[in-house]
Amino acid sequence: MTLNVGVIGTGAIGQDHIKRLAHKLTGAAVVAVNDINRDSAQATAATIGGDVAVHGSGQALIDDPKVDAVVVTSWGPSHEEFVLASIAAGKPVFCEKPLATTAAAALRIVEAEIASGRHLVQVGFMRRYDRGYRMLKETLKAGTIGEALMVHCAHRNPSVPDFYKGDMAITDSFVHEIDVLRWLIDDDYVSTQVIIPRRTRRSRPDLDDPHIILLETRSGIRIDVEVFVNCAYGYDIQCEVVGEDGIARLPEPMSIQLRKEERLGNAILNDWKLRFIEAYDVELQEWIDTTKRGEVHGPSAWDGYFTAVTSDACVEAKRSGKLVPISVRDRPSFYAR
Ligand SMILES: NC(=O)c1ccc[n+]([C@@H]2O[C@H](COP(=O)([O-])OP(=O)(O)OC[C@H]3O[C@@H](n4cnc5c(N)ncnc54)[C@H](O)[C@@H]3O)[C@@H](O)[C@H]2O)c1
Ligand SMILES: O[C@H]1[C@H](O)[C@@H](O)[C@H](O)[C@@H](O)[C@H]1O
């Protein structure tokens, strides 16, 4: 059986995921698309081939009887509406991160999914599928460096588009670290602090950049993450876990080492699309396979909610300059691990 997918949002990652679903992965077909920019939806539909419906709204796409499952790749603030509508229609939905831009919105999704009685929602936290992060997790689980004490990370983008502003360094970028670090060290966060260093001249008045974000976990692990989204030199994701008995680092993406003109060096990628290309493939292939079996194995609505609570606390910590506690309600049995 082919999983017939409808995609809402035909921008950068929407087009990327459509190429995967339609041409690279197995077991799925893209049968419908929608975007508030109709020209973009139409142009994207033409690249897919076959009979692809271009719908006038996300709701019309979700209601299309040909659509078995929905992929949401529109802007973050629109995710809640489309995920809730998919749940109401009883259709599985893969929603790009963030699940929602506030904890209140993410909680409405959690409550709707529980009320529906079916697991339908997966969130696009693809770093859990990255080979490097998986190797790092295996190393920690094996006890190779003993108990984790500290984690140092960096999330650097060469630049960001004009629509990226306000608190998006937290709600759009740092959410990756919130999710993947919690998964990596298998611990929950209890507090956060946000420090704003000297502003880069490459930023705009509506965007603080860079940030240093601190998290403390239940077991006392201290995490520091530099989020620098106009770093210019490349797309660079760093993660180093300091343990009792040693240090484990996320591997660098594979690249040829060059000795040339009195220099020794490796190229640095400049785009998230390439940095996590394999992770996106694995993530979506697993989503297709599990969705066909009526299961959800990836990051759940609960994970999306936990991330949104943490990200709300970080935004508050940024505004107040103070340490802000992170308190999440008890995990409902519906989301038992
Ligand atoms: N997992 C990742 O690494 C990753 C990478 C990139 C983007 N994302 C996430 O994917 C989402 C989209 O990001 P992008 O970079 O593709 O942005 P983009 O601006 O390139 O594309 C978003 C598209 O959504 C459309 N859109 C916005 N509101 C809509 C609505 N209400 N209905 C229908 N279409 C709507 C826009 O017209 C645009 O074409 C964001 O939530 C972003 O955080 C995740
Ligand atoms: O939407 C993108 C995407 O999620 C990337 O993976 C992240 O590095 C960027 O900071 C973010 O803006």
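Return one number: the angle in degrees, 0 to 90 and rounded to the nearest 10, between the long axis of the Cα atoms of helix 103-116 and the longest principal axis of the Cα atoms of the chain.
Approximately 50 degrees, to the nearest ten.
Expressed as a whole number of Å, what is the distance separating the alpha-carbon centroids of segment 101-137 and segment 51-93?
When both Cα centres are located, 17 Å separates them.
Taking other Cβ within 10 Å of each residue's Cβ, how do Val30, Val121 sort, fewest first?
Values: Val30 25, Val121 28.
In increasing order of surrounding Cβ atoms, one gets Val30, Val121.
Which is farthest toward the positive dipole end of segment 59-195 among Ala85, Val151, Ile114, measuring Cα position about the Cα centre, with Cβ charges +1 (Lys, Arg) and -1 (Asp, Glu)?
Of the options given, the answer is Val151.
Using a Förster distance of 51 angstrom, determine the FRET efficiency expected from the C-beta separation of Phe334 and Leu258, and round it to 0.05.
My answer for the efficiency is 0.45.
What value, in deg cm²/dmol to 500, does the helix sum -39500 (n - 2.57) over DSSP H runs of n ≥ 4 give at 222 nm once divided by the residues of the chain?
Numbers: 10 runs with 111 residues, N = 337.
Theoretical 222 nm ellipticity from helices: -10000 deg cm²/dmol.
Tally Lys and Arg at +1 and Asp and Glu at -1 over the other residues with C-beta under 14 Å from the C-beta of Ile8: what net charge comes out?
Numbers: positive: Arg38, Lys91; negative: Asp35, Asp63, Asp64, Glu80, Glu81, Glu96.
So the environment of Ile8 carries a net charge of -4.
May I ask for the distance between the Cα centers of segment 224-291 and segment 156-189, given as a whole number of Å?
15 Å
Name the shape class, rounded, prolate or oblate, that the alpha-carbon gyration tensor gives for segment 172-248, where a ≥ b ≥ c are the square roots of its eigenvalues, rounded holds for a/c under 1.5, and otherwise prolate holds if a/b is larger than b/c and oblate otherwise. The partial results should precede the final answer.
Working: a/c = 2.29, a/b = 1.78, b/c = 1.29.
Prolate shape, in that a/c is at least 1.5 and a/b is the bigger ratio.
By its C-alpha gyration tensor, with a ≥ b ≥ c as the square roots of the eigenvalues, how is segment 3-101 shaped: rounded for a/c under 1.5, else prolate for a/b larger than b/c, else oblate? Could the numbers behind the result be given before it?
Working: a/c = 1.38, a/b = 1.25, b/c = 1.10.
In terms of gyration-tensor shape, rounded.
Arrange Cys95, Cys153 by Cβ neighbour counts within 10 Å, fewest through most, would you?
Values: Cys95 27, Cys153 22.
So the residues, fewest neighbours to most, are Cys153, Cys95.
By the gyration tensor of its Cα atoms, with a ≥ b ≥ c the square roots of the eigenvalues, what is the shape of segment 150-282: rounded for a/c under 1.5, prolate for a/b over b/c, or oblate? Show your work: numbers first, answer last.
Numbers: a/c = 1.68, a/b = 1.11, b/c = 1.51.
It is oblate, given that a/c is not under 1.5 and a/b is not larger than b/c.
What net charge is computed for the residues neighbouring Asp167, neighbours being all others with C-beta under 12 Å from the C-beta of Asp167, Lys and Arg scored +1, Asp and Glu -1? Walk me through the numbers on the way to the answer.
Details: positive: Lys165, Lys318, Arg319; negative: Asp172, Asp206, Asp208, Asp209, Asp312, Glu316.
Surrounding charge for Asp167 is -3.
On a 0 to 90 degree scale, rounded to 10, what angle separates helix 301-320 from the longest Cα axis of the chain?
50 degrees
What order, most packed first, do the peptides 303-309, 205-211 have when packing is the mean number of other Cβ atoms within 10 Å of each residue? Could the numbers behind the result be given before it?
On the way: 303-309: 25.7, 205-211: 17.3.
Listed from highest to lowest mean packing, they are 303-309, 205-211.
In square nanometres and to one decimal, what's the mean projected area of the convex hull around the Cα atoms of the chain?
The directionally averaged projection comes out at 18.8 nm².
Please rank Ser57, Ser333, Ser311, fewest neighbouring Cβ atoms within 10 Å first, as an exposure proxy. Provide the component values of the computation, followed by the final result.
Details: Ser57 13, Ser333 7, Ser311 27.
Fewest-to-most ranking of Ser57, Ser333, Ser311: Ser333, Ser57, Ser311.
Quick note: the coordinates plus some simple rules give every number you see, no bench work behind them. These figures come from a predicted structure and were not determined experimentally. Positions of Cβ are generated from backbone atoms using ideal geometry, with glycine treated the same way; all protein chains shown enter the neighbour counts.
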